[in-house]
1. With the condition kept exactly as written, say whether any residue in segment 138-155 is under 20 Å from residue 83 (Cβ atoms), more than 21 Å from the chain's Cα centre (by Cα) and either outside the structural domain of residue 87 (by TED's automatic domain parsing) or assigned to a loop (DSSP other than H, G, I, E, B) (or both).
2. For residues in segment 161-200 being touching a strand residue (DSSP E or B) at 6+ places or on another chain (Cβ under 8 Å) and in a helix (DSSP H, G or I), which is farthest from residue 146 (Cα to Cα)?
3. In this structure, is residue 200 outside the structural domain of residue 43 (by TED's automatic domain parsing) and surrounded by fewer than 20 Cβ atoms within 10 Å (Cβ to Cβ)?
4. The conditions are (1) within 27 Å of the chain's Cα centre (by Cα); (2) surrounded by fewer than 16 Cβ atoms within 10 Å (Cβ to Cβ); (3) assigned to a helix (DSSP H, G or I), and residue 216 fails exactly one of them. Which is it?
5. Being part of a loop (DSSP other than H, G, I, E, B) and out of contact with any helix residue (DSSP H, G or I) (no Cβ under 9 Å at 6 or more places or on another chain) is the filter; apply it to segment 101-132 and report the residue that is surrounded by the most Cβ atoms within 10 Å (Cβ to Cβ).
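The values are calculated or read from the model by the stated rules, or taken from the named source; none is laboratory data. This one's a predicted model, so the numbers in the text were calculated from it and none came from an experiment. Using ideal geometry, Cβ is built from the backbone for each residue, glycine included, and neighbour counts are taken over all protein chains shown.
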């Protein structure tokens, strides 16, 4: 693994503050802040790199890149289905070492049955507890349904409301803030216009979008609120 792989505060890798992560993943800001500090910025992984995964933005707030957003998503999805924190952290170290990546939880093939964690290597399923033995289990892949992966097997797009929604997070558009799929149109701007009294029809016509795309953007922010 290479320290340079952390891609901290580089153009094209997105910028996400604690409040951004909280809104996109529907998590309490305090929880995001606590886990970022304890397990990424001051945990074993940070000691390996002699660095942290976050930086301070121009306002002095902690920020992370797109891969860390996906790491948070995967981490909390694993917690949600009952995987213990100690199991997650141990698996993360093993996967990072095996796959030689600084972002194992933003990599394709992360799987879990709620008790253990596996990852896919060359069409095989490997136990991430360090035993490296193949396991055949009823594996849950639900949390990957919100993530697109690139040819490098790393996450490259995130669908906060699922792929049936028009809202997507792409680090190459609007510094990684949510946009309408296939465009560079910031969804928060659409919601702001709607909240200020503009009708869905007028916003649709102004930006040449469909009514569904406008409604998806509005629903995303209403859910976040």
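1. yes
2. Only one residue tops the list, namely 190.
3. Taking the combined requirement at face value, the residue satisfies it.
4. Single failed check for residue 216: (2).
5. Per the stated criteria, the residue is 113.
Here is a yes/no grid of residues against (1) assigned by TED's automatic domain parsing to the domain that holds residue 178; (2) within 20 Å of residue 155 (Cα to Cα); (3) in a helix (DSSP H, G or I):
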residue	(1), (2), (3)
30	no, no, yes
51	no, no, no
72	no, yes, yes
97	no, yes, yes
